[in-house]
Every structure is written in C-alpha cells, then in structure tokens.
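The structure appears below as structure tokens.
Here, each number is a calculation from the coordinates, and none is a lab measurement. From a predicted model like this one, the values you see are computed outputs, not experimental measurements. Cβ sites come from the backbone with ideal geometry, for glycine too, and all protein chains shown count toward neighbours.
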Amino acid sequence: MTTRHRKPTLDRRQAAAVILKQRGDALVVAGLGAPCWDTAAAGDNPLNFYVWGGMGSAAMIGLGLALAQPKRRVLVITGDGEMLMGLGAFATIGVQQPRNLAVIVEDNEHYGETGMQLTHTRLGVDLAGIAKAAGFRASTTIYSAAQLKAWLPKLYRQPGPVFAAIKVTTDRAPLVLPPRDGTILRHRFRRALLGAKADE
Amino acid sequence: MASQTSWPDQIHRVFRDQNMRQIAYVPDSGHARLIELVRADRQMHAIPLTTEEEGVALAVGAWLGGERSVLLLQSSGVGNCINMLGMIQECRVPLLMLVTMRGQWGEFNPWQVPMAQATTPALAAMGVVVQTVERAGEVAETVEAAGRLAFSTYRAVAVLISQRVIGAKAFK
C-alpha cells in the first residue's frame, strides 16, 4: 500500500454516544466486544440487540431486521474485526438495497479483545471502499468530530444502505456490560418492538 | 398432500401457508425450481447469500423484527454454519433449514462425501433437530411439520432432502 497511514484520533465511547443520542425509535444491533460496551454505555434499551458471539453476524442480523421492519431505521454498530469476518454481508446487503439500514464500524484497526493485534484495516484495507463497491448508496470514512457531526443526519435519514467507518483510537473505556442471556435479549427486544405479538 | 405438482412447488405452498417472508439461499440444483418460485413471489424476499452462515444471522434479525425466514442450502454449506448456529441455540431463535444432500446417493464427486457424512452429526452437535426425507412424496409434509416444530417450539430444525429425491448430478 502506498497511501500513508492516518492516525485515528476519535474516542470510540464518545462517538457511539454522539450517534446514539439521536437514535429516536431506531433499532440497534451491537457487534461483539467493545461496540456492545459502547452501546450499553450510551444507555441500555430493550431495542438494543447485543451480539455476544457469532462473530461476523452483526451486519446480516441488521439486514434481516431491516427487511422485517422497513419503516424503522436500523443501525448496526460493530467493530472492524467483526466486519472483516463477514465481508460477504456487504455484497448481500448491496443486492437487497434496504433503504432503512446503516452499518457503522468503530474502526480502531486492532483486535481489541484478543491482544491488540493489527486488523486488515490498519494494513491498507478500506471498508468504506468495499461497501461502496458492493452497492451501498452512501459510504464514508470518518476521522474528525466535525465529519461525524456532518454525517449524523445521513446515518439516520439518507436512503440506505449507508456505511460509515469511524476511525477511533485504541484507548480503552471502562467496561459497561449489558445483559448477556440470549433468550432475555431476544425476548425483550421482540416485546418492545412487537408488543403482545411477540409471544405468539 | 396432492402429488400432482412437484415437491418444490409443494414446498413453496407450505412457505405461503406458514407465512415465511425471508427466503435466503445459496444455490443448489436441487433447490433451483423452489428458488425460481420464491423469486417470482412478491410476498417473499428472495435473498441470495455469499455463504450460508449469513442466512443463520439473517434469521436472527428477521425473527427480532417479527418475520419468519427459511434457509435453503446444500449439505456442503451446513459446515459453514456451525458457529452461527450457536447463536440460534443461545437465543432460542426459530430456524428452518432445507438441506439438499450431495455426496450421498449415487454421487460421482468424491470431494462431496466427507461433508455429506458429517452433515447430521454436525447439525446434531449444534442442537439442530434433524429430519430426513428419502421419497419425493414425503418432502412437503416433512417441511410443513418441520416449519411447525421450528416456529412453535423456537428451535432450529433441518430437513435433509436425500440425493435419492433430487437425483445425482450428472457429470456429462
């Protein structure tokens, strides 16, 4: 790779808080590891689905949800390692063109939960470029707070699929652990979204 | 079940009756007719995947959003799904998988045999209920029963459709 590396400066916890402050009635899927803790730190909500396992699944869970709930905005917030494990999801989402789906990667360019090894995004791989090439209608890499602020309306209102990689530092934030029992997470989400129909 | 129509047409009817809305697939010649029917049906999303585990994750999202999904795949794709099936078990999300078998009845390609042999044990190891069909006349009723089982008891159920039903692939 010939391009010079640009050092991330944004704080992941703050970036997630800025985004989720404006969530309204959006449905949120949080990918495993720090994106779960960041999403929980911004305020637990039954309409958050925290994916504690199944690495590589977050964007596809978002697609299934977006197709089932076309009138609600669906936000996937995940990590670069998690997204890299499910790159095919970009192509599958590109084919479906869900207008209500935004996929956000908190990209610290490292595997933060397993010893801070470099991910492909530190070694030249451009997730926003891949998303664009797969047919996402809007796609960007965000390096600054001003850029993030400018993109907030797009994350929530631009016809999707929308993708944003937010370059964040490897600084660790205090652990904020959401509930982890899968049946509870699944059931409280469905009850909050579907009401009594959830129990059918 | 009337046997005037072909078994893929009968499966499509079961999908309509059971309100299956998101039909995800990695193509297999055994599912070719069913995929055509699903793609032509405006009540269903036809969702081609790049790899089968995407369909397991999709099923979780669909169920969270109140819709039913089905995953169509061939036996080789079952191996790709293993870790994702852990999520289905942990969250008790209903999942219906329709697996057309390769590497089994009259197979020509030796590379298909290992995963064919491992299909049932691998699924069982991940908590998936496995039901097998050997005769075309039993496909639709088995899919219907498997769909009820999956969505009434919140579990993963796989229907394995034998290569005997589909016919071995001709390499000529």
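Give the long-range amide H neighbours of B:Leu95: residues separated by 5 or more places, or on another chain, with amide H under 5 Å away, using H modelled in the peptide plane at 1.01 Å from N.
B:Arg155, B:Ala156, B:Val157
For every other residue with a beta carbon closer than 10 angstrom to the beta carbon of B:Ala24, add +1 if it is Lys or Arg and -1 if Asp or Glu, then tell me the sum. Don't skip to the answer; put the middle values down first.
Numbers: positive: none; negative: B:Glu52, B:Glu54.
Net charge in that neighbourhood comes out at -2.
Please compute one quarter of the surface area of the Cα convex hull for segment A:1-110 and express it in square nanometres.
On the way: hull surface 30.0 nm².
So the mean shadow area of the Cα hull is 7.5 nm².
³J(HN,Hα) across segment B:19-25 via Karplus (A = 6.51, B = -1.76, C = 1.60, θ = phi - 60°), whole Hz, x for Gly/Pro?
6, 6, 10, 10, 10, 9, 7
Long-range amide H contacts for A:Gly33: which residues qualify at under 5 Å (H placed 1.01 Å from N, peptide plane, sequence gap of 5 or more or a different chain)?
none
Partner chain Cβ atoms within 10 Å, averaged over the residues of A:63-73 - can you pull that number for me? Provide the component values of the computation, followed by the final result.
Details: counts 9, 18, 9, 3, 10, 13, 6, 1, 0, 1, 0.
That average works out to 6.
Ranked highest first by average number of other Cβ atoms within 10 Å, how do A:35-43, B:31-39 line up? Numbers along the way, then the final one.
Working: A:35-43: 22.4, B:31-39: 17.9.
The packing order, highest mean first, is A:35-43, B:31-39.
When only DSSP loop residues count, what trypsin sites (Lys or Arg not before Pro) in segment A:1-101 have their Cβ near at most 11 other Cβ atoms within 10 Å? Spell out each step's value before the answer.
Working: sites: A:Arg4, A:Arg6, A:Arg12, A:Arg13, A:Lys21, A:Arg23, A:Lys71, A:Arg72, A:Arg73, A:Arg99; in loops: A:Arg4, A:Arg6, A:Lys21, A:Arg23, A:Lys71, A:Arg72, A:Arg73, A:Arg99.
Filter output for segment A:1-101: A:Arg4, A:Arg6, A:Lys21, A:Lys71.
Select from segment A:132-174 those chymotrypsin sites (Phe, Trp or Tyr not before Pro) which occupy a DSSP coil region and have at most 10 other Cβ atoms within 10 Å, ordered by residue number. All intermediate terms of the calculation are to be shown ahead of the outcome.
On the way: sites: A:Phe136, A:Tyr143, A:Trp151, A:Tyr156, A:Phe163; in loops: A:Phe136, A:Tyr143.
Counting only loop positions with at most 10 other Cβ atoms within 10 Å, none of the chymotrypsin sites (Phe, Trp or Tyr not before Pro) in segment A:132-174 qualifies.
Packing-wise, with mean Cβ within 10 Å as the measure, how do A:52-60, B:100-108, A:180-188 rank, highest first?
On the way: A:52-60: 25.0, B:100-108: 18.7, A:180-188: 16.4.
In decreasing order of mean packing, A:52-60, B:100-108, A:180-188 become A:52-60, B:100-108, A:180-188.
What do you get when you divide the Cα radius of gyration of segment B:1-100 by 2.2 N^0.38 Å, with N the number of residues? The partial results should precede the final answer.
Values: Rg = 13.1 Å, N = 100, 2.2 N^0.38 = 12.7 Å.
My calculation over the Cα atoms of segment B:1-100 gives 1.04.
Considering every residue in B:43-49, what mean count of other chain Cβ atoms within 10 Å of its Cβ is obtained?
4
Please average, across the residues of A:86-97, the number of beta carbons from any other chain that are within 10 Å of each residue's own beta carbon, and give a whole number. Mind showing how you got there, number by number?
Details: counts 6, 2, 5, 7, 1, 4, 10, 2, 0, 5, 6, 0.
Mean inter-chain Cβ contacts per residue within 10 Å come to 4.
Please identify the helices of chain B, taking whole runs of DSSP H, that span at least 24 Å along their own axis as judged from the Cα atoms and have a mean Kyte-Doolittle score of 1.0 or higher. Before the final figure, lay out the partial values.
Values: long enough: none.
Membrane-span-like by this rule: not one helix.
Radius of gyration and Dmax for segment B:83-166's Cα atoms, expressed in Å?
13.3, 39
Cα-based Rg of the protein assembly as shown per 2.2 N^0.38 Å, rounded to two decimals?
Numbers: Rg = 21.0 Å, N = 372, 2.2 N^0.38 = 20.9 Å.
Taking the Cα Rg and dividing by 2.2 N^0.38 Å, one obtains 1.01.
From the Cα gyration tensor of segment A:122-172, with a ≥ b ≥ c the square roots of its eigenvalues, which class applies: rounded if a/c is under 1.5, or else prolate if a/b is larger than b/c, or else oblate? Before the final figure, lay out the partial values.
On the way: a/c = 2.62, a/b = 1.17, b/c = 2.25.
It comes out oblate by the Cα gyration axes.
From the phi of every residue in segment A:40-54, what ³J(HN,Hα) in whole Hz does the Karplus formula 6.51 cos²θ - 1.76 cosθ + 1.60 yield, where θ is phi - 60° and glycine or proline is x?
Values per residue, Gly and Pro as x: 5, 5, 6, x, 5, 7, x, 8, 9, 10, 8, 8, 7, x, x Hz.
Taking 1 over the mean of 1/r across every pair of different Cα atoms in chain A, what Kirkwood radius in Å do you get? Please report the intermediate quantities before stating the final value.
Working: mean 1/r = 0.0599 Å⁻¹.
Every distinct Cα pair counted, the radius reaches 16.7 Å.
In the structure displayed, which of A:Lys71/A:Lys132; A:Lys7/A:Lys149; A:Lys71/A:Lys167; A:Lys71/A:Lys149 lie more than 21 Å apart, Cα to Cα?
On the way: A:Lys71/A:Lys132 24 Å; A:Lys7/A:Lys149 19 Å; A:Lys71/A:Lys167 29 Å; A:Lys71/A:Lys149 24 Å.
Long pairs (Cα-Cα over 21 Å): A:Lys71/A:Lys132; A:Lys71/A:Lys167; A:Lys71/A:Lys149.
What Kirkwood hydrodynamic radius, in Å, does segment A:79-175 give when the mean of 1/r is taken over all pairs of distinct Cα atoms and then inverted?
By the Kirkwood definition, the hydrodynamic radius is 13.8 Å.
I'd like the Kirkwood hydrodynamic radius of segment B:28-172, using the inverse of the mean 1/r over distinct C-alpha pairs, in Å.
By the Kirkwood definition, the hydrodynamic radius is 15.4 Å.
What does a probe at A:Leu194 reach in segment B:7-49, counting residues whose amide N is under 20 Å from the point 7 Å along Cα→Cβ?
B:14-24, B:43-47
Amide H of A:Val76 versus every other amide H placed in the peptide plane: which residues, excluding those fewer than 5 positions away on the same chain, fall under 5 Å?
A:Val29, A:Ala102, A:Val103, A:Ile104
Which of the GluC sites (Glu not before Pro) across segment B:41-102 are loop residues per DSSP, with 16 or fewer other Cβ within 10 Å? Please report the intermediate quantities before stating the final value.
Values: sites: B:Glu52, B:Glu53, B:Glu54, B:Glu67, B:Glu90; in loops: B:Glu52, B:Glu67.
In loop regions of segment B:41-102 (DSSP not H, G, I, E or B), there are no sparsely surrounded GluC sites (Glu not before Pro).
Which part of segment A:32-74 falls in the paramagnetic zone of A:Asp171, meaning amide N under 16 Å from the point 7 Å along Cα-to-beta-carbon?
Backbone N within reach: A:38.
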